[in-house]
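Each value in this text was obtained by applying a stated rule to the coordinates, not by laboratory testing. Everything quoted here is computed from the prediction, not taken from an experiment. Heads up, the Cβs are rebuilt from the backbone with ideal geometry, glycines too, and the neighbour counts pull from every protein chain shown.
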Amino acid sequence: MDTSPEQDNGKPLAKEKPHWWIYQGSGEPHDGMDGLPPPPPWRAFTGEPLVHPQLSEDEAVSRRLGLVTRGLGYRPDDEVVEMVNAALYLRRPLLITGKPGTGKSTLAYSIAHELQLGPVLYWPINTQSTLHEGLYDYDAIGRLQEANLHQASSLSRTQFTPDIGRFIQLGPLGTALLPQARPRVLLIDELDKSDIDLPNDLLNVFEEGRYLISELSRLPEDQSVVEVMVSSGTDRVPVRRGHVQCHAFPVIVITSNGEREFPPAFLRRCMRLDIKPPDHDQLVSIVAAQLGEEETRHSIDLIERFIERRDQGDIATDQLLNAIYLATSGARLPGQGWERLENALLRSLESAEQP
């Protein structure tokens with residue numbers, strides 16, 4: 001009997017990935033970023049001199065992606081992978097919408113892990129978030145206190161000028177825009193929670209890939225280069241005259257739960273992607289990645305009940321993970337006790353009624 005070209009010994013062949021994809025969505029780290037073509041002329045940036053912050057292992061990888069060391073980690077579908085690669089080629093931010101629990105923020109960790117771009121720079125957004133917060137923080141009070149303490153010391157016989165760089169720490173966005181040879185991954189999480197002005201405030205930074213630390217631009221000539229702190233670390237990098245210009249535009253992943261509309265000017269500067277809730281096979285993979293294959297085999301019925309409930313109301317994937325963890329960790333109650341607890345754990349996010 002002839003073998004179908006889509007099968008090999010009865011098993012489906014792996015679908016060949018398009019040759020232009022840099023990010024494969026496989027979960028396997030590789031050096032594909034070295035093959036990324038130059039940016040379009042209108043998205044080329046020339047920040048110099050290059051800086052080389054020390055990049056540690058991202059402790060959030062295993063928590064976000066699952067058991068990546070066993071090949072069971074997060075797997076995006078082809079539509080998601082395609083849009084990620086479009087954003088990489090065009091050096092544009094990726095705006096991701098979708099219901100809670102669909103893996104919007106997890107995608108940023110997948111990109112950083114697979115393309116070996118270092119720990120994700122994480123900027124969680126709330127109603128008080130501002131552009132300045134994302135760029136840098138200047139501790140003027142701390143600098144003044146250090147100067148006063150030194151001058152009050154009996155050992156002080158010379159004029160003391162505190163090292164201003166120790167009192168400036170770059171935020172996640174500010175760190176992402178440093179002139180680095182390889183881009184960093186920046187996750188701007190839940191931008192729809194922001195004040196109405198923040199998306200517009202981001203426009204110029206996204207377009208120009210630069211910003212100014214005004215406190216450094218006013219320093220005398222003998223302090224033209226100042227080493228400042230980077231986000232989430234003790235490493236320091238030099239900044240000249242307060243000007244920061246990126247060299248490789250960062251991989252920016254912006255998530256939104258769709259609670260508000262963004263202005264057209266902002267949308268024009270982003271690649272847009274809507275992530276659909278995971279189907280049955282994807283849910284099985286997610287559960288296996290997070291909890292293991294044995295627990296998954298014992299939870300197929302619970303996964304199917306979750307899908308039925310999701311078709312009737314809005315519930316998130318992490319609710320399923322919570323329920324399976326309890327059901328397989330020895331906490332499961334007998335009879336009606338478990339049914340009541342399952343109803344509570346898988347309760348619709350849109351329901352105001354008690355379970």
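Just name one of P93, P76, G103: the one whose Cα is farthest towards the positive end of the charge dipole of the chain (beta-carbon charges, Lys/Arg +1, Asp/Glu -1).
Going by the charge dipole, the pick is P93.
Between T296, T234, T255, find the one with the highest GNM mean-square fluctuation for the chain; connect C-alpha pairs within less than 10 Å.
T234
Using the number of other C-beta atoms within 10 angstrom as an exposure proxy, rank H113, H19, H247, H30 with the fewest first. It would help to have the intermediate numbers written out before the result.
Details: H113 25, H19 5, H247 20, H30 14.
Least to most surrounded, the residues fall as H19, H30, H247, H113.
Tell me, in nm to one decimal, what length is gained between W42 and L219 on full extension, where the rule is 0.36 nm per residue of separation less the Cα-Cα distance?
60.5 nm
So, with +1 on the Cβ of K and R and -1 on the Cβ of D and E, and no other charges, what is the size of the charge dipole of segment 280-345 about its Cα centre, to the nearest 20 debye? Intermediate results must be reported in sequence, preceding the final value.
Numbers: 6 positive and 12 negative charges, 44 e Å.
It works out to roughly 220 debye.
Find which of G25, Y211, L326 sits farthest along the positive direction of the dipole of the chain, computed with +1 on the beta-carbon of Lys and Arg, -1 on that of Asp and Glu, about the Cα centre.
In the chain, that residue is Y211.
Under a cut-off of 27 Å between alpha-carbon atoms, report the lysines in cross-link reach of K17, not counting same-chain residues fewer than 8 places apart.
Hits, sequence-local ones excluded: K104, K276.
Show me the GluC sites (Glu not before Pro) within segment 236-305 that DSSP assigns to loop and that have at most 16 other Cβ atoms within 10 Å of their Cβ.
Values: sites: E259, E261, E293, E294, E295, E304; in loops: E259, E261.
Here the GluC sites (Glu not before Pro) that fit, given the DSSP loop and packing criteria, are E259, E261.
Once Rg/Rh (Cα atoms, Kirkwood Rh) is worked out from the coordinates, which option in (1) 0.98; (2) 0.94; (3) 1.05 does it equal?
The calculated read-out lines up with (3).
Antiparallel DSSP bridges in the chain: what percent, to the nearest 5? Please report the intermediate quantities before stating the final value.
Details: 14 of 31 bridges.
Antiparallel bridges: around 45 percent, rounded to the nearest 5.
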